[in-house]
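To start, the structure itself, in structure tokens.
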Amino acid sequence: MAVSKFHSVESIAEAYRAGQRAFGESYVKELLGKREVLPKDIEWHFIGHLQTNKARQIVPFISLIESVDSERLAAEIQKCAFKESRVVDILLELHVAQEATKSGFAPDDCRAFLAYFTKEKYPNVRVRGLMAMASNTDDEGQIATEFRRAADFFDFAKTRFFAQDQLFDIRSWGMSDDYPIALAQRSTLVRIGTKIFGERRY
Ligand SMILES: *Cc1c(COP(=O)(O)O)cnc(C)c1O
């Protein structure tokens, strides 16, 4: 998936012409503005921290919300998706990094959420898998350990909660600087910004 946050509509259009269809954005306002002027068959992924009160703006069209990090946000997505009569695919963001700054469910909280999550309570939300970010460090061993933690949790969740569910199948880890390590730790979806578009100018 091509992470296009802070990159221009022209850059996205160029990648689109080359065949890319999945793009990721971190800010609702930026996403809405870009979507307005770009081809309608783009699959938009949301990868930033999503404020509960903004969920309704993206639920009507989003392909995958990768950064669901609370029960409250999941409940709001369910409410909005029900109103839109659609089923929204989400990933649960798992906190595996050492840094306290990274967001996401702590593994225990994620397990508690999954124990509580049922199709009856969430008929319009489909949990497709997990998203994780490693610490921002040069220590490749540490990065591998963190991604392995995510992969192990995925196996646990798959066995415990989604054994019958073919669609729990996405492991989103790896960015420009650490995607080879992520792929070695069984990532199925890498989120690449800089290596596709160049440096972001904030
Ligand atoms: C910005 C961002 C990326 C892409 O980072 P690059 O290092 O530019 O590839 C991936 N995932 C998330 C969640 C991001 O916010």
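The values are calculated or read from the model by the stated rules, or taken from the named source; none is laboratory data. Since this is a predicted model, take the numbers as computed values, not measurements. Using ideal geometry, Cβ is built from the backbone for each residue, glycine included, and neighbour counts are taken over all protein chains shown. The area values use the complete protein model at the heavy-atom level, side chains included, leaving out ligands, DNA and RNA. Shrake-Rupley method; radii C 1.70, N 1.55, O 1.52, S 1.80 Å.
Observations
- The listed residues are Arg160, Arg148, Arg186, Arg171, and the only one of them that is within 16 Å of the ligand (Cβ to nearest atom) and either open to solvent by 60 Å² or more (accessible area, probe 1.4 Å) or not hydroxyl-bearing (Ser, Thr, Tyr) (or both) turns out to be Arg171.
- For the range 39-52, a residue qualifies if it is touching an Asp or Glu at 6+ places or on another chain (Cβ under 9 Å) and either free of Cβ contacts under 8 Å to residues at least 12 places away in the same chain or among the aromatic types (Phe, Trp, Tyr) (or both), and the qualifying residues are Trp44, Phe46.
- One residue alone among Tyr202, Tyr179 is in contact (Cβ under 8 Å) with a residue 60 or more places away in the chain and open to solvent by 30 Å² or more (accessible area, probe 1.4 Å), and that residue is Tyr202.
- Ser176 of a type in the set (Gly, Ala, Ser) and either under 21 Å from Ala75 (Cα atoms) or within 14 Å of the chain's Cα centre (by Cα) (or both): no
The rows are residues; the columns are (1) in a helix (DSSP H, G or I); (2) open to solvent by 50 Å² or more (accessible area, probe 1.4 Å); (3) within 16 Å of the ligand (Cβ to nearest atom).
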| position | (1), (2), (3) |
| --- | --- |
| Lys5 | no, no, yes |
| His45 | no, no, yes |
| Phe61 | no, no, no |
| Ser85 | no, yes, no |
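- Residue within the range 35-43 that is in a loop (DSSP other than H, G, I, E, B) and within 15 Å of the ligand (Cβ to nearest atom) present: no
- Residue count for the range 128-145, restricted to those that are part of a loop (DSSP other than H, G, I, E, B) and either open to solvent by less than 40 Å² (accessible area, probe 1.4 Å) or within 16 Å of the ligand (Cβ to nearest atom) (or both): 5.
- In this structure, Ala112 does not satisfy being away from the ligand (no atom under 16 Å from the Cβ), assigned to a helix (DSSP H, G or I) and open to solvent by less than 20 Å² (accessible area, probe 1.4 Å).
- The test for being β-branched (Val, Ile, Thr) and either over 17 Å from Phe162 (Cα atoms) or in a helix (DSSP H, G or I) (or both) holds for Thr101.
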